[in-house]
Amino acid sequence: MMALDNQIKNALKARARLAEAAAGDSAEMRRRVHERIKEESGMRRWSMRKIVVAAAAICVFGSMTAIAAGRIASVSSHSTHEEEITQYSQLAAMEEQVGVKTGAPQAFSNGFAFANAMPVYSQAEDEEGNAVMSGQGISLTYKKDGMADMNVFTEQAGMYEGNPADGAQQTFEYNGITLGYNEVHYRFVPGDYELPEGEKKLVEQGDIVISYGSDQVEDRISKSIVWEQGDKVYNLMSFDSSMEAQEFYEMACEMIDGQQ
């Protein structure tokens, strides 16, 4: 289950592009989300890979989401455009400040080029709202004409237990590192969203992942590849992308080589 936390956590991060929610709004959202989690027992059956992907997904679609796994009831992630950089030459200074080396290139060999990056601040809480763990990471965006944006997230591995690639739909091996690839159907919903009976069954079957915290209902398909290297967790993620697993793997290999 903690391996799933890794995936949703990483996933909740690829999109931390929105302004940080006001403290009062965040507290109210957490309260409503926790109520939903207690009511929707199916959410507790999430597998590790879904939680890591869900975490990154929230960063892409909002400042917060919620998950249910083990003692962690919710994970909030936020960033601010005030800390955003748009020049690749500024990335090294950000990495030093955050304490995370991304290994991210200025451009990948397939044409995706650096667009921006910003620090991401995350905190996990239990059902009582008590902080369980916190950490910092870096979220990067790469762009290519005619293609969906590629989001890259890197953070310290200390926030997780187990390998984030555990339970992946497809795995790869490169230089002794196991990488896990997943395609996940996400439904982003408001904090007070009532899950219909038919939807509950889809959640229980693992056919869809519900992420609370959006201002409207939105369905997206995420494709991502995640791995742990040294004391860091890395995740490449894109929504509604036309790319295949092999292409994600090849981009990940370039980042792994960037750590050498």
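The values are calculated or read from the model by the stated rules, or taken from the named source; none is laboratory data. None of the values given here were measured: they were computed from a predicted structure. Because the Cβ atoms are built from the backbone with ideal geometry, glycine has one as well, and the counts that use them run over all protein chains shown.
Scan region 92-149 for residues that are assigned to a strand (DSSP E or B) and among the small types (Gly, Ala, Ser) and jot them down.
Residues satisfying the conditions are ALA107, ALA113, ALA115, ALA117, SER122, ALA124, ALA131, SER134, GLY135, GLY137, SER139.
Is it true that PRO190 is more than 19 Å from PHE108 (Cα to Cα) and surrounded by fewer than 19 Cβ atoms within 10 Å (Cβ to Cβ)?
Against the criterion (more than 19 Å from PHE108 (Cα to Cα) and surrounded by fewer than 19 Cβ atoms within 10 Å (Cβ to Cβ)), PRO190 qualifies.
Of everything in region 236-251, what is surrounded by fewer than 17 Cβ atoms within 10 Å (Cβ to Cβ), outside any helix (DSSP H, G or I), at negative phi and in contact with a strand residue (DSSP E or B) (Cβ under 9 Å, 6 or more places away or on another chain)? Give them in sequence order.
Within region 236-251, GLU244 is the sole residue that qualifies.
Taking region 102-129 only, how many residues are under 15 Å from VAL152 (Cα atoms), modelled with pLDDT under 95 and out of contact with any strand residue (DSSP E or B) (no Cβ under 7 Å at 6 or more places or on another chain)?
Residues that pass the stated criteria total 1.
Please go through (1) modelled with pLDDT under 80; (2) surrounded by 15 or more Cβ atoms within 10 Å (Cβ to Cβ) for ILE138 and return the number of the only condition it doesn't satisfy.
(1)
To keep it simple, each residue is scored yes or no on (1) in contact with a Gly (Cβ under 7 Å, 6 or more places away or on another chain); (2) outside any strand (DSSP E or B); (3) modelled with pLDDT under 90.
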residue	(1), (2), (3)
LEU202	no, yes, yes
SER211	no, no, yes
SER214	yes, yes, yes
LYS223	no, no, no
